[in-house]
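These notes concern the structure reproduced below.
The values are calculated or read from the model by the stated rules, or taken from the named source; none is laboratory data. Quantities reported herein were computed from a predicted structural model and do not represent experimental measurements. Counting neighbours? That spans all protein chains shown, and the Cβs are built from the backbone with ideal geometry, glycine included.
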Amino acid sequence: MYELLNKISSPQDIKGRTLTELNAICDEIRQAIINRVSKFGGHFGSNMGIVETTLALHYVFNSPIDKFVFDVSHQSYPHKMLTGRAFGFTDEDSFTKISGYTNPDESIHDLFNVGHTSTSISVACGLCKARDLRGDKENVIAIIGDGSLSGGEALEGLNVASELKSNLIIVVNDNDMSIAENHGGLYSNLRLLRKSKGECECNLFKSFGLDYRYIDNGNDLATLIGVFNEIKGINHPIVIHINTVKGKGSSLAENEKEKFHSTVSFNKETGELVSINSGETYLSVTGDYILKKIKEDKDFVAISAGVPSALGFGFDASKRAVAGKQYIDVGIAEATAVAVASGIAKNNGKALFGTYSSFIQRTYDQLSHDLCLNNSPATILVSNASVYGFKDKTHIGIFDIPLLSSIPNLVYLAPASKEELTSMLEWSINQNSYPVAVKMPGGEVFSANYRVDNDFSDTKYQITENGEGVAILALGCFYKIGVELYTALKKQGVCATLINPRFINRLDENTLDCLKKNHHTVVTLEDGILDGGFGEKIASYYVNDSMRVLKYGLEKEFIDRYNPCDILRENGIEINSIIGDIKR
């Protein structure tokens, strides 16, 4: 089935092949992508559309001497197969051996660990500068999708690139699609460039002072090879604007581009998703709540930064259509999203910006300066901030607590249940005193077995079970672990106190002081890293007291393609292990 592909151990193995053979390799690459993604999940449409581009690049250029930088690297599957890693796509037993993103630990052909967007041009500029100072002559190629151009760093990179005056090849893979549909004024120019076949007078890339070539059929291998041969070794920066078809070669991915941008495993004949949770999720709960809020309150606006559905707040295309003008997608530009939210709140509107925990890192300055320094009462919804979130080390979302807790004025809340999630969102959106962030719980949906408040103006922890000796402060979705620990201790004759802290970055000193009267040990449980986390705040508060504080969370490290149960066990987050620690 993979007669040609299995014989490729490096890009040198495709040199000198006939065009017929090269097209046959493209077909086998697509079959291998379908094989892996349909069984294992992963990025589908983005990889299917760039097969010919990647093969042409490797056919013409000489990696790793010539350096390839993939933006996001969610389109790097063909590159991996052409650099000796086809087994990770053709052999089901080897799927877990290959990352879904570029990874220098796998191959010398991967320069960077990349999982975030809009970085490739800037990084490539750095590669060029180092090359030029050494007096070397290798080609540097940045491969970036049209969706990633909406990120500010991509535009900053274009601005820097124009002054390099040396070799830099920027391949813009334009399939008229981000994760969802594209938003923003620059896409009107891309459409105009496609319509005019690159000939229109208004040209985004030329306005930066860059040379420019347009390829109308970006899935035609012969044309790509011809153009790349012409510009190989060029002595100035150039943009190669390629019009491709997202999902090329799969009717499923071509017809349902958002659904099959990235996907869980699916039936490759019908497109039916195999392993998706068809029941209630925190994303669906959130999406339903936000749509209800939009219908009820004309002053409320929901904001996305290019990830409205699986990575944001459960806002699929149908919900976006109903939301109309009360929904804004700023493109892949989290910093702008936070600033827009602050502006809406400052002008007496109600704004919620929701995005993935790993992506919130890109807007720290706007959170601190534009939002919290100005005390704008907007709401930031942080999704997948959990050990149960995405598992690739480029996307892990477990660093949110120390990051957001360091910002003054912000109230960071951790709901433990679906009812508390919507209650906190409702309070946050309607109040006008604080900027508020809400940490969407991870894992399976938990329904409250405790009273859910509707006012979080005062920092008060919620004691759900009164006891003595041992107090369990179980934060957010780890409240479920707290319930299990409380129950297990009770069976052993220990009647502990169980607390739902609710507030991540603010201490309820009254409750903590009261615990001193009849408790000797406090156990903290948090879904995040311990270093700079919630448990450290509790331990610091008791530093001058005799109270023992046992902290349970995650080690500060980049973990990759992990099993959450394994990580919890490795960090001592098991009921019997914790009870043993308490007894000791």
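Summary table below
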item	result
Number of positions in region 80-101 that are under 25 Å from G157 (Cβ atoms) and either more than 24 Å from the chain's Cα centre (by Cα) or modelled with pLDDT under 95 (or both)	4
Single unsatisfied condition, I108 versus (1) farther than 22 Å from L311 by Cα; (2) in contact with a helix residue (DSSP H, G or I) (Cβ under 8 Å, 6 or more places away or on another chain); (3) not small (G, A, S)	(2)
Residue list for region 169-207, filter: of a type in the set (S, T, N, Q) and over 30 Å from the mean Cα position of the chain (by Cα)	S196, N203, S207
Residue, farthest from H183 (Cα to Cα), within region 262-310, restricted to residues that are acidic (D, E) and in contact (Cβ under 8 Å) with a residue 24 or more places away in the chain	E280
Qualifying residue in region 389-396 (condition: farther than 21 Å from G533 by Cβ and not hydroxyl-bearing (S, T, Y))	yes
Residues that are surrounded by fewer than 14 Cβ atoms within 10 Å (Cβ to Cβ) and either at positive phi or outside any helix (DSSP H, G or I) (or both), drawn from region 529-560	V543, N544, D545, S546, E555, E557, F558
Hits in region 106-142 - residues which are within 24 Å of D329 (Cα to Cα) and β-branched (V, I, T)	V114, T117, T119, I121
Residue that is nearest to the chain's Cα centre (by Cα), among those in region 254-277 that are at pLDDT 85 or above and small (G, A, S)	S265
Only one of T394, T422, T464 that is assigned to a loop (DSSP other than H, G, I, E, B) and either of a type outside the set (G, A, S) or closer than 23 Å to L367 by Cβ (or both)	T394
Among (1) within 17 Å of A351 (Cα to Cα); (2) of a type in the set (A, V, I, L, M, F, W, C); (3) in contact with a Pro (Cβ under 8 Å, 6 or more places away or on another chain) - the single one L381 does not satisfy	(3)
Enumeration of residues in region 201-243 that are buried (at least 18 other Cβ atoms within 10 Å of the Cβ) and touching a Ser or Thr at 6+ places or on another chain (Cβ under 7 Å)	F208, L210, I215, G218, N219, L224, P237, I242
Restricting region 546-564 to residues that are out of contact with any helix residue (DSSP H, G or I) (no Cβ under 8 Å at 6 or more places or on another chain) and of a type in the set (S, T, Y), the residue that is nearest to I396 (Cα to Cα)	Y562
Subset of region 97-134 (residues that are charged (D, E, K, R) and assigned to a helix (DSSP H, G or I))	K97, K129, R131, D132, R134
Options D458, D453, D513; residue that is among the charged types (D, E, K, R) and part of a helix (DSSP H, G or I)	D513
Residue match in region 25-40 (condition: part of a helix (DSSP H, G or I) and of a type in the set (S, T, Y))	yes
Residue that is surrounded by the fewest Cβ atoms within 10 Å (Cβ to Cβ), among those in region 51-74 that are under 19 Å from I225 (Cβ atoms) and among the polar types (S, T, N, Q)	N62
Residue match in region 208-222 (condition: over 16 Å from N173 (Cβ atoms), more than 33 Å from the chain's Cα centre (by Cα) and in the same structural domain as K259 (by TED's automatic domain parsing))	yes
Of residues in region 111-149 being among the small types (G, A, S) and in contact with a helix residue (DSSP H, G or I) (Cβ under 6 Å, 6 or more places away or on another chain), the one nearest to N167 (Cα to Cα)	A142
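Results for (1) modelled with pLDDT of 95 or more; (2) within 27 Å of the chain's Cα centre (by Cα); (3) surrounded by fewer than 21 Cβ atoms within 10 Å (Cβ to Cβ), shown as yes or no for each residue.
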| site | (1), (2), (3) |
| --- | --- |
| L373 | yes, yes, yes |
| T379 | yes, yes, no |
| H395 | no, yes, yes |
| P415 | yes, yes, no |
| G467 | yes, no, yes |
| L475 | yes, yes, no |
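For every residue, the table says whether it meets (1) of a type in the set (A, V, I, L, M); (2) not in a helix (DSSP H, G or I).
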| residue | (1), (2) |
| --- | --- |
| L155 | yes, no |
| V172 | yes, yes |
| N182 | no, yes |
| L193 | yes, no |
| G209 | no, yes |
| I240 | yes, yes |
